[in-house]
1. Given 5 Å bins starting at zero, what is the percent of C-alpha pairs of the range 322-368 in each, up to the one with the largest pair distance?
2. Mean residue ellipticity at 222 nm from the helices of the chain, using -39,500 (n - 2.57) per DSSP H segment of n ≥ 4 over the full residue count, to the nearest 500 deg cm²/dmol?
3. In debye to the nearest 20, how big a dipole does the chain give about its Cα centre with +1 on each Lys and Arg Cβ and -1 on each Asp and Glu Cβ?
4. Calculated FRET efficiency, D138 and D318, Cβ-Cβ r, R0 35 Å, to nearest 0.05?
5. Just to be sure I follow the definition: excluding the sites themselves, where is the longest run in the chain that has none of the trypsin sites (Lys or Arg not before Pro) in a DSSP loop with at most 13 other Cβ atoms within 10 Å?
6. Compute the accessible area per residue over the chain, keeping the other protein chains in place, probe 1.4 Å, unit Å².
7. For the pair R401/T182, report the inter-label distance in nm, with labels modelled 7 Å from Cα in the Cβ direction.
8. Would you calculate the volume per residue, in Å³, of the smallest convex hull containing every Cα atom of the range 247-298?
Amino acid sequence: MIDVIIAGGGPTGLMLAGELRLHGVRVLVLERDAEPTKVVRSLGMHARTIEIMDQRGLLDRFLELGTRYEVGGFFAAIDKPWPNRMDTAHGYTLGILQTITDRLLAEHAVEVGAELRRGCELVGLSQDDHGVTAELADGTRLRSRSLVGCDGGRSTVRKLLGVGFPGEPARVEWLLGEMELTAPPEELAAVVAEVRKTQKGFGAGPLGDGVYRVVVPAEGVAEDRTVPPTLEEVKQQLRVFAGTDFGVHSPRWLSRFGDATRLADRYRVGRVLLAGDAAHVHPPLGGQGLNLGIQDAFNLGWKLAAAVAGWAPAGLPDSYHAERHSVAADVLDNTRAQTELMSTEPGPQAVRRLVAELMDFEEVNRYLIEKIIAIGVRYDFGEGHELLGRRLRDVGLKRGRLYELMHDGRGLLLDQTGRLSVTGWADRVDHVVDVSEELDVPAALLRPDGHVAWVGEDQQDLRDHLPKWFGAGVS
Ligand SMILES: Cc1cc2nc3c(=O)[nH]c(=O)nc-3n(C[C@H](O)[C@H](O)[C@H](O)COP(=O)(O)OP(=O)(O)OC[C@H]3O[C@@H](n4cnc5c(N)ncnc54)[C@H](O)[C@@H]3O)c2cc1C
């Protein structure tokens, strides 16, 4: 029997498939589209996602095909420099097209043994005490122990579960596409700069080979956003906003997106879970959606694997909702705030000027940037040391560096005392005795997602905490 079916082979589903395979879980990814999409939505990765790729030994693949930028300006496009002393070894943004990210994640998932079936649409599902039955569009029925809906903002899985998706509907829509144009580059740049003074959701940037990425506000909100706009629609809106259509022609692809902001009520119903856009949608301000989905998958993968392996302690499956739902709620709020700050109305403009002034304070700038790049996330693990619940940044060790030791997705005890032991949990937790000048705690227990589960030096205290995340010890 398949252990986990993942509906949706976007970045969230593919990341999750790779994570599950690290633990030997039998995974099947069902992807509706027969071919990878050409539509490029996300343009980059932020620090926490870059760290995640590093923790799994995947970062070099992404660095090779991406471009590093040390620029700020993520929060409501308020142009401020990257703050000094960021708490990460990866203080940059990685510019990389989503089509490339999707491809690299698919290659990795398949390399480590996941099955990716394209052209397979999930249309029905039911669950009982023993498993889940998924029904495909061609009538095939498949059985698995669990199923995760990573099937995007219009998630069929979420709808079939009847999970509420409260929030705000799209009020505005934009047309997006890649196309050629005949206007001279200098004229194009001058007009775009002028229009952007009052309309931030407008742009046309060169991608090379004479192709441009064009974005322009739509006339209204389409009834069915899955239907792409026509080139004529794009031309008409360019004329409305820029007074010229720049002679656009030969589109590679056209698409539309809106500013709907919604969050699923529940991330788990029995054996079925939701992750990525299936669980949350928001406008693409700050470039957070893909990052958030990959981080959901990173949180969920080892927990689901623990459940499949049979050692998941009580409460571990539900900790996924507890931890990730509030992170998504926070992201939705920051995009709502950014949306207000992008308004050209005098009131929001005044608030924008005030926020821009406040961001001249280093701490304010850092706080806002850390929200967007997600290194400030702290899960509620109860009272304790300030590191508790936070992910630990990569730190140098005498023999290498921390993230190099996390490629297998296991728990890790970083022990600077040399006196501790994980006997009883050694099949789930690695014990690394080493020292780091960058870490001023005697020892830290990391979950497979790199979040600090315990800090201290007392063996009995450690033994009391291990079961909370890693189940009963083996005698
Ligand atoms: C214009 C734009 C720009 C963006 N820029 C950024 C950015 O810079 N940074 C960032 O982090 N995010 C950005 N995003 C958001 C990002 O694109 C999404 O958050 C991300 O793609 C979500 O990934 P996902 O895997 O959860 O869902 P998706 O990427 O939507 O993948 C879902 C997959 O499920 C498949 N599917 C759907 N239904 C079924 C079914 N019933 N059965 C089987 N398969 C199914 C679909 O074909 C699809 O492949 C942007 C979004 C837009 C619109």
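1. Going from the shortest bin to the longest, the percentages are 5, 20, 20, 23, 17, 10, 5, 1.
2. Working: 12 runs with 157 residues, N = 475.
Estimated from H runs of four or more residues: -10500 deg cm²/dmol.
3. 660
4. With R0 = 35 Å, the Cβ-Cβ based efficiency is 0.50.
5. In the chain, the maximal stretch lacking such sites is 198-397.
6. Details: 20660 Å² over 475 residues.
That works out to 44 Å² per residue.
7. 5.1
8. Looking at the range 247-298, the number lands at 120 Å³ per residue.
The values are calculated or read from the model by the stated rules, or taken from the named source; none is laboratory data. Just so you know, these numbers come straight off a predicted model, no measurement behind them. Counting neighbours? That spans all protein chains shown, and the Cβs are built from the backbone with ideal geometry, glycine included. For accessibility, only protein heavy atoms count, side chains too; no ligands or nucleic acids. Shrake-Rupley method; radii C 1.70, N 1.55, O 1.52, S 1.80 Å.
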